[in-house]
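These notes are about the structure you will find just below.
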Amino acid sequence: MYDWNFDVIWDYRMVYLKGAVITLEISLLAVFFAVTLGLFVGIARQSHRKLLSLPASWYVEIFRDTPLLIQIVWIFYCLPILMGITLNAFWAAVVALSLHMSAYMAEIFRAGIVSVDKGHIDAAKILGLNYFQIMRRIILPQATRQMLPPLVNNFADILKLSALASVIGVYELLHSIDNVIMNNFRPLEMYSVLALVYFILIFPVAFAARRSEIYFARRY
Amino acid sequence: MPSTVPAIHLKDVKKRFGSLDVLCGINLEVEMGEVVCVLGPSGSGKSTLLRCIAYLEDDYEGRIYLEGDLLGRAEHNGQLKRVEGAALRKVQLKVGMVFQQFNLWPHKTALGNIIEALILVKKMAKNEAQEIGEELLAKVGLSEKCKEYPSRLSGGQQQRVAIARALAMRPQIMLFDEVTSALDPELVDEVLHVMRQLAEEGMTMLVVTHELGFASRVADRVVFMDQGVVVEEGSPEKILKNPNKLRTREFLSLMAHEKF
């Protein structure tokens, strides 16, 4: 039977804390960029103008159908050589995660937009609302309700996937802990607590999603 | 001579969906203040006709004039070109429309539904828009439902809010697309009552309906459509009681069997 020794954990509390801060930084930035990009790509994708919808579909396919790990490595190692764009490890991870997840966000936005009753749009058109007003005031508020659960699911995914940034040496949670384990040889304790820390970060997100669903359901 | 200009004037309007001809050359005039009911079997093109006049279907042939202004098109050297933006909106806003499925925005209250376009399109201040909204809700008998979301209203109430929403933009012409067809029978009258009131106030109305009672009591004229053409038109008396065409007679007897 393995002899657990959780005493060591307390000594490394600051490592966990600092790692968690970096993980949160990467994730929040990625959520922001992925949602913003995803919104535009999603709207472009369901446009009836081929000039918009075709590139948007390709964008989604390219970023969804290649592994995030490869995208991170590619942006960090290949981009500087091919295009002279050098990003430090932190921003390479943020950019890769944002691009990758924006493809998923785009699909959620597209599905949300499509789910809105065409009749609601007809009613808005005939009252003289223009395309942007209809999108902002009629479609997106309704689509949000539809999109919220998968959207928040993606936020949770981003938090989990941010661990991949460890491969290019970003000192987020996983990489920070890996680093410590090389000194204290306590992988079981360190990884177990690491999982717990991720859970503490992600659980509130899932909980908030549930609450907001209930809020919307009660409102109308 | 503005009084001689018809409120709605369709010249040879044709509309097809793919290979299906839905409107096969409609010519129709509706005078200002006139109430015209359109009858016809499903698939006859009645709804499409209204949707063209509302410019929800913009891909049609022919011309639609609203109070003498060409809708959604401009003429350049004898050729018709589409117009968008302000030039389109100016003519399109002459029309208000009410739908079979109400189409109220579920995330906005009754009042919120009404003031939305006043604020966004007419650039009205919010309190000014609210005043108009409350007035209109009172007019359709729903003063106390201002703050309710559509999901809390009955079908009849929702449809009355939808009528108030359309009226808020002060249209000169109102289009009604089978507005009572989705309602429980006991809720039909409250909606018809509001429409009748509107007709008495002199609103120009084009009403697609299966309510023969409403057509005979309120309409100035009845149009019977089938397979994308106007089969015949005339006074309600004439069309409903003594139509010329066999097709009209067949339809009316079918309706009578269904209803009674």
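Highlighted here are the strands (runs of 3 or more DSSP E) found entirely within the stretch B:73-134 that include at least 1 residues which are within 13 Å of chain A (Cβ to nearest Cβ) and in contact (Cβ under 8 Å) with a residue 40 or more places away in the chain: B:95-98.
Looking at A:Ser53, is it under 21 Å from A:Leu151 (Cα atoms) and out of contact with any strand residue (DSSP E or B) (no Cβ under 6 Å at 6 or more places or on another chain)? No. Picking from A:Leu79, A:Leu151, which residue would you name as being away from chain B (no Cβ under 14 Å), over 30 Å from B:Ile53 (Cβ atoms) and within 14 Å of the chain's Cα centre (by Cα)? Of A:Leu79, A:Leu151, the one residue that is away from chain B (no Cβ under 14 Å), over 30 Å from B:Ile53 (Cβ atoms) and within 14 Å of the chain's Cα centre (by Cα) is A:Leu151. Of all residues in the stretch B:44-72, those satisfying the criterion of being away from chain A (no Cβ under 12 Å), crowded, with 20+ Cβ neighbours inside 10 Å, outside any helix (DSSP H, G or I) and in contact (Cβ under 8 Å) with a residue 60 or more places away in the chain are B:Ser44, B:Gly45, B:Leu66.
Only one of the numbered conditions (1) in contact with a helix residue (DSSP H, G or I) (Cβ under 7 Å, 6 or more places away or on another chain); (2) part of a helix (DSSP H, G or I); (3) without any contact (Cβ under 8 Å) to a residue 60 or more places away in the chain is not met by A:Met190, and that is (3). Checking the stretch B:246-260 against the condition returns a match, with at least one residue being buried (at least 19 other Cβ atoms within 10 Å of the Cβ), of a type in the set (Phe, Trp, Tyr) and more than 15 Å from the chain's Cα centre (by Cα).
In this structure, A:Ala44 does satisfy being touching a residue at least 12 places away in the same chain (Cβ under 8 Å) and in contact with a Pro (Cβ under 8 Å, 6 or more places away or on another chain).
Scanning the stretch B:153-170 for residues that are within 19 Å of B:Val188 (Cα to Cα) and part of a loop (DSSP other than H, G, I, E, B) yields a total of 2.
Residues being part of a helix (DSSP H, G or I) and closer than 20 Å to B:Glu116 by Cα: count how many of those fall in the stretch A:114-137. Looking only at that region, the number is 16.
Taking the condition in a helix (DSSP H, G or I) and surrounded by fewer than 20 Cβ atoms within 10 Å (Cβ to Cβ), does A:Ile108 pass? For A:Ile108, the condition - in a helix (DSSP H, G or I) and surrounded by fewer than 20 Cβ atoms within 10 Å (Cβ to Cβ) - is not met. Within the stretch A:87-101, restricting attention to residues that are without any contact (Cβ under 8 Å) to a residue 40 or more places away in the chain and of a type outside the set (A, V, I, L, M), which residue is farthest from A:Ala34 (Cα to Cα)? Among those residues, the one meeting the criterion is A:Asn88.
The set of residues from the stretch B:1-16 being within 13 Å of B:Leu49 (Cα to Cα) and not charged (D, E, K, R) comprises B:Ile8, B:His9, B:Leu10, B:Val13. Would you mind stating whether B:Met97 is in contact with a strand residue (DSSP E or B) (Cβ under 7 Å, 6 or more places away or on another chain), modelled with pLDDT of 95 or more and either under 25 Å from B:Thr48 (Cα atoms) or surrounded by fewer than 22 Cβ atoms within 10 Å (Cβ to Cβ) (or both)? Answer is yes for this residue.
Quick one: would you say A:Leu159 is out of contact with any strand residue (DSSP E or B) (no Cβ under 9 Å at 6 or more places or on another chain), under 30 Å from A:Lys18 (Cβ atoms) and either without any contact (Cβ under 8 Å) to a residue 60 or more places away in the chain or more than 14 Å from every other protein chain (Cβ to nearest Cβ) (or both)? So A:Leu159 fits the description; yes. Taking the stretch B:213-231 as the range and being touching a helix residue (DSSP H, G or I) at 6+ places or on another chain (Cβ under 6 Å) and surrounded by fewer than 23 Cβ atoms within 10 Å (Cβ to Cβ) as the test, the residues that pass are B:Ala215, B:Ser216, B:Val218, B:Asp226, B:Val231. The sole residue among A:Leu82, A:Leu37, A:Leu51 that is in a helix (DSSP H, G or I), surrounded by 14 or more Cβ atoms within 10 Å (Cβ to Cβ) and either touching a residue at least 24 places away in the same chain (Cβ under 8 Å) or out of contact with any Ser or Thr (no Cβ under 6 Å at 6 or more places or on another chain) (or both) is A:Leu37. Any chance the stretch A:202-220 includes a residue that's modelled with pLDDT of 90 or more and within 27 Å of A:Asn5 (Cβ to Cβ)? For the stretch A:202-220, residues modelled with pLDDT of 90 or more and within 27 Å of A:Asn5 (Cβ to Cβ): present. Among the criteria (1) under 15 Å from B:Val91 (Cα atoms); (2) touching a Ser or Thr at 6+ places or on another chain (Cβ under 6 Å); (3) not acidic (Asp, Glu), the one B:Cys52 does not fulfil is (2). Within the stretch A:123-137, the set of residues being facing chain B (nearest Cβ under 7 Å), closer than 13 Å to B:Trp105 by Cα and crowded, with 23+ Cβ neighbours inside 10 Å comprises A:Ala123, A:Leu127.
The values are calculated or read from the model by the stated rules, or taken from the named source; none is laboratory data. For clarity, every value in this text was computed on a predicted model and none was experimentally measured. So basically every Cβ, Gly included, is an ideal-geometry build from the backbone, and we count neighbours across all protein chains shown.
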